[in-house]
Structure formats: structure tokens, C-alpha cells
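Here's the structure we're looking at; comments come further down.
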Amino acid sequence: MTPDSNDLWFLPLGGTGEIGMNLNLYGHDGRWLMVDCGVTFPKPGRLAADGTMHHHGEPPVQMADPAFIADRREMLCGLVITHAHEDHVGAVPYLWPLLQCPIYTNRFTAEILRRKLAEFDMLHRVPIVVMATNDRRQIGPFNVQWLALTHSIPDPNALMIRTPVGNIFHSGDWKLDDQPLIGHGYSKQTFTDLAIEGVAAMVCDSTNATVKGHSVSEGALHKGLLKAVKSAEGRVVVACFGSNIARLHTLAAVARQTGRYMGLLGRSLVNMSSAAKAAGLWHSADELINPAHLGYLPPHEVLVVATGSQGEPRTALRRLANGSHPDVELEAGDTVIFSARAIPGNEELIAALIGQLQGMGVKVITAEQCDLPIHASGHPAQEELEAMYRWVQPAVAIPVHGEEEHMAVHARLAKQTGVPKTLVGRNGDLFMIRPVPGMRRQITETGRLGWLKQALVRVV
């Protein structure tokens, strides 16, 4: 199972056939390059890795089984992280001791990664190489270039992975957002230039392949969020994903316009905003107030941004609903705005949380109820996928980052946009891109092997 100098292989160990715990390998000339190393959180009622049924306690963390590459560690030349979402970077502190390779990523992601490694007392051990957009780096036999795209977190990168036998375009998570508000934008020419050079395969995000049209821009949310906050009388709590720095900037502007003070509740929000400041991605005008001061302000002067939009236990919003948050107490007449969509599988948790809030006399506003958008997805809908295929013109399309339905629709879309060949598989399948594009089934017995967080800390 070693690629020779004529081979170019793609082997996903996680994130193909599912959304979450991305872990990808590219093989050429006796070496492997890893792209992303993420976690997923088991859904309630699903069997956790230790054989116990997971209910609503602390979520165990699951990740892809790295045995295939851990057994060939000397062939692994590096790990590239495309962006700082948990399903792309969250497994690094657990799996790096089995991999022991340098990590290459952008400045914002490096900030997030350093914080994670510090919690595990591993910061001094892991070599992190910070790359800028358009940088090229020779990593073993792979020449890797970092390309600017947009997503719901600052500075995500697509990758052009060049080898003497062929090039692969790896999209990472992306959308085409003309007003991303924070971080780099994107340029059509970046991708049409790749087509001129020649792209053997495009490995691409399928999350929203079933959604018609074009994703909403972050820049288009200001009106809807301003209207929702303006109409509120008491305290306003906005639940959103902690990693969406652009959303925080929009809310900070809304707070200024409505005469409210903005504070953040929830560890991931505080962590992400401090990483954004360290990476130079935070507007100095956006002043946050200490959460401990929120309780002393008149209700109509409070705008709280809180974690917990998915109804997860122990998050700030759940504690507010339980009346157990140390900094803020909700009262009848306050408003909670969900500036997020339900991740599939979380609908029951969210419905229960909304019911709890409404039972307290709190007004709840969800994206579905608003005539103006108050949430934007970070993934490409069909028009964006079609545009990218027209620009890049790969010989082969390989849909990833989606369940089977998403990947099947994505493959049809690629064919309709003129891509000669599509390969659809799942974790553990070996995709041969050179010498002859095809697929060999289930090379590795990978999939839902993961460990409980506690057990892994001991292993490490």
C-alpha cells in the first residue's frame, strides 16, 4: 500500500459520507500528505466509542481512526489544516502524538491550534508553520499552494496540490461570498488560472449540494439582525456559532446602532474573539464589555452573544434557560434570536430549548420566522458549485464533506457542468487519480472509531 512515482492517490479516512471529523490523505512517490484532522460530536442516542449510549451529558469526542497512517508514520511528510473549525482541526491534540509531523496552516487557524495544544501541554512539541495566502511550500513530493476562499470563519484556504504526475484542487469548506466582512475575499482568476494549468481532480465540499441557488452573504445579514434587535424591548441574546467572527462584527455594529452594550458568553466565543484580535482580524471600534457587568445594566442596554445555538448541554444559552448562568438572568419580555441553523440531528434539542425559553416568557426569533436573513450558511449551494466547476475544469470530480445524498447530487451537478468523470465513495476507499482515474473499495477499515476524550488524554 505504497504509492510509487507514477501514482497519485486520495484516501479519505474521515469526512466522506458524513459531515464532520475530516481527515484526508494524498499519496505520491512513497509519501503521504494529510489534509485536516477534525472531530465530530456523537448525536444523542448514538453509540459512543466506548460502547455506552450517549445521552445529554458531556459530549464524547469522536474522530477518524488514524491507524492506516499511524502505522506508516515515516511516510507522512506533513499535515495541512485548511481552517479552524472543530471538524477540521479538533483532533490534532489527540492524534498528533501518533503522527509526529509538521503542521502547516494560516495565521488565524494557528492561533486557535496553539490554544488547543496549550490545554494539552503540547505547545512546545508541535512544529507549526504559518502560511500566507498564495504561499507555495514543498512538503515532501507535494508542492502545496494556499488559495483564498470564503467560509463562515476567517481566512479559510483551498489548496492546489501539485505533483509531477498531476495536480489536485482541494476546496476545503467554502462559499463564494462577495462581502465576507472579515479576512480575505476570493478572486475568480485564482481558479480560472488553475484550469489553464490543468487540474487532474477536484476534491470538493458537498454540504449544501442539495440547496438551489447561491448562499447568502455575511454582508447581507445586517438589515435583518438590526430589525430583530430594534423591535426587542428587554435584553437581547443572540445565539450563533462562536467561530463566526464576521457575525460578531455585524452584531457589534447593531449594538452601537441600538444603544446596547455587547458582551460574549461562552468559552468558544471568548476564545475565538481573542484569537481574532491576536491575528489582527478584530475591528478596534468593536468594544466588548466584561460579561460580569451585563447583569448591572438596564435590560434595554444589553446585547449578549451566546454559545448554544444547537441546544447543547452546558453551553451559555442552556444555562440562561435554566436560570443558572452566573452573569445574566433572563426575564419575561427578553428576546433570544437564533442566528444559526439546526445541524441535522439537533432538532429535538433545539425545540426543547426554545420551549423552555418560551415557558419563561422570553420571545424567541428563529431564521425561519424572519422576512430578512439573520443567518448565512458557510457552504456552497448549487450555483456556486457550478461556477467553481466552470472555473477549475477538473478532469475528475470527487465529492466529499457530505452524506451520500449530498455527494450523489454533487456528482450529477459536476457532470452537468462538463466534468468528464466523477468518483463517489466513502471513508476508507482509495481513489486513484493517476495513472488511471478509478476507485478501489475499502482499503482501510476506517470510520466511526473514536475515543472518549478522557481516555485519549490518558493515551497521549
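Data overview
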{"quantity": "Selection count, segment 4-24, where residues are crowded, with 24+ Cβ neighbours inside 10 Å and closer than 20 Å to ALA64 by Cβ", "calculated": "11"}
{"quantity": "Residue match in segment 442-455 (condition: touching a strand residue (DSSP E or B) at 6+ places or on another chain (Cβ under 7 Å), open to solvent by 60 Å² or more (accessible area, probe 1.4 Å) and at pLDDT below 95)", "calculated": "yes"}
{"quantity": "GLN356 modelled with pLDDT of 95 or more, more than 30 Å from LEU226 (Cα to Cα) and more than 24 Å from the chain's Cα centre (by Cα)", "calculated": "no"}
{"quantity": "Unmet criterion (only one of (1) more than 24 Å from ASP121 (Cα to Cα); (2) of a type outside the set (Ser, Thr, Tyr); (3) modelled with pLDDT under 95; (4) in contact with a strand residue (DSSP E or B) (Cβ under 6 Å, 6 or more places away or on another chain)) for LEU33", "calculated": "(3)"}
{"quantity": "Filtered residues of segment 245-272 (kept if under 25 Å from the mean Cα position of the chain (by Cα), among the polar types (S, T, N, Q) and modelled with pLDDT of 95 or more)", "calculated": "THR250"}
{"quantity": "One residue from GLU348, GLU368, GLU312, GLU331 being of a type in the set (Asp, Glu) and under 19 Å from GLU218 (Cα atoms)", "calculated": "GLU368"}
{"quantity": "Residues satisfying the stated conditions in segment 217-250, i.e. in contact (Cβ under 8 Å) with a residue 60 or more places away in the chain, of a type in the set (A, V, I, L, M) and under 29 Å from GLU383 (Cβ atoms)", "calculated": "ALA220, LEU221, LEU225, ALA228, VAL238, ALA239, ILE245, ALA246"}
{"quantity": "Qualifying residue in segment 164-174 (condition: open to solvent by less than 10 Å² (accessible area, probe 1.4 Å), in contact with a His (Cβ under 8 Å, 6 or more places away or on another chain) and charged (D, E, K, R))", "calculated": "yes"}
{"quantity": "Number of positions in segment 290-317 that are out of contact with any Ser or Thr (no Cβ under 8 Å at 6 or more places or on another chain), open to solvent by less than 50 Å² (accessible area, probe 1.4 Å) and closer than 30 Å to ILE343 by Cβ", "calculated": "8"}
{"quantity": "Residue under evaluation MET272, criteria (1) in contact with a helix residue (DSSP H, G or I) (Cβ under 6 Å, 6 or more places away or on another chain); (2) among the aliphatic types (A, V, I, L, M); (3) open to solvent by 10 Å² or more (accessible area, probe 1.4 Å), criterion not met", "calculated": "(1)"}
{"quantity": "Selection within segment 26-38 - buried (at least 21 other Cβ atoms within 10 Å of the Cβ), over 21 Å from ASN208 (Cβ atoms) and not aromatic (Phe, Trp, Tyr)", "calculated": "GLY27, HIS28, LEU33, MET34, CYS37"}
{"quantity": "Residue count for segment 390-420, restricted to those that are under 17 Å from GLU18 (Cα atoms), touching a helix residue (DSSP H, G or I) at 6+ places or on another chain (Cβ under 7 Å) and not in a strand (DSSP E or B)", "calculated": "2"}
{"quantity": "Search result, residues across segment 318-350 that are open to solvent by 50 Å² or more (accessible area, probe 1.4 Å) and either within 26 Å of GLU18 (Cα to Cα) or of a type in the set (A, V, I, L, M) (or both)", "calculated": "ALA332, ARG341, ILE343, PRO344, GLU347, GLU348"}
{"quantity": "Hey, LEU353 open to solvent by 20 Å² or more (accessible area, probe 1.4 Å), within 25 Å of ILE245 (Cβ to Cβ) and of a type in the set (A, V, I, L, M) or not", "calculated": "no"}
{"quantity": "Which listed residue, of ALA132, ALA201, ALA118, ALA148, is under 13 Å from THR82 (Cβ atoms) and either among the small types (Gly, Ala, Ser) or open to solvent by 50 Å² or more (accessible area, probe 1.4 Å) (or both)", "calculated": "ALA148"}
{"quantity": "All positions within segment 330-344 that are under 15 Å from HIS300 (Cβ atoms) and within 16 Å of the chain's Cα centre (by Cα)", "calculated": "none"}
{"quantity": "Failed condition for ILE245, given (1) in contact with a helix residue (DSSP H, G or I) (Cβ under 9 Å, 6 or more places away or on another chain); (2) over 22 Å from THR315 (Cα atoms)", "calculated": "(2)"}
{"quantity": "Residue pairs meeting the criteria (Cβ under 6 Å; at least 6 apart or on separate chains; first without any contact (Cβ under 8 Å) to a residue 60 or more places away in the chain, in segment 347-371; second open to solvent by 60 Å² or more (accessible area, probe 1.4 Å))", "calculated": "GLY361/ALA332; VAL364/GLN358"}
{"quantity": "Test: residue in segment 91-102 that is at pLDDT 95 or above, of a type in the set (Val, Ile, Thr) and in contact with a Cys (Cβ under 7 Å, 6 or more places away or on another chain)", "calculated": "yes"}
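So that you can scan it fast, the table gives a plain yes or no per residue for (1) under 27 Å from TYR186 (Cα atoms); (2) open to solvent by 10 Å² or more (accessible area, probe 1.4 Å); (3) touching a Lys or Arg at 6+ places or on another chain (Cβ under 9 Å):
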residue	(1), (2), (3)
HIS83	yes, no, no
LEU95	no, no, no
GLN100	no, yes, yes
ALA110	yes, no, no
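Residue by residue, here is whether (1) touching a Leu at 6+ places or on another chain (Cβ under 7 Å); (2) not small (Gly, Ala, Ser) holds:
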{"position": "ARG318", "(1), (2)": "yes, yes"}
{"position": "VAL328", "(1), (2)": "yes, yes"}
{"position": "ALA332", "(1), (2)": "no, no"}
{"position": "ILE337", "(1), (2)": "no, yes"}
{"position": "ARG341", "(1), (2)": "no, yes"}
{"position": "ALA352", "(1), (2)": "no, no"}
{"position": "GLN356", "(1), (2)": "no, yes"}
{"position": "CYS370", "(1), (2)": "no, yes"}
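The values are calculated or read from the model by the stated rules, or taken from the named source; none is laboratory data. Predicted, not measured: the structure shown is a model, and the values here were computed from it. When we count neighbours, we look across all protein chains shown, and the Cβ atoms used for this are built from the backbone with ideal geometry, even at glycine. With ligands, DNA and RNA removed, areas are computed over all heavy atoms of the protein, side chains included. Shrake-Rupley method; radii C 1.70, N 1.55, O 1.52, S 1.80 Å.
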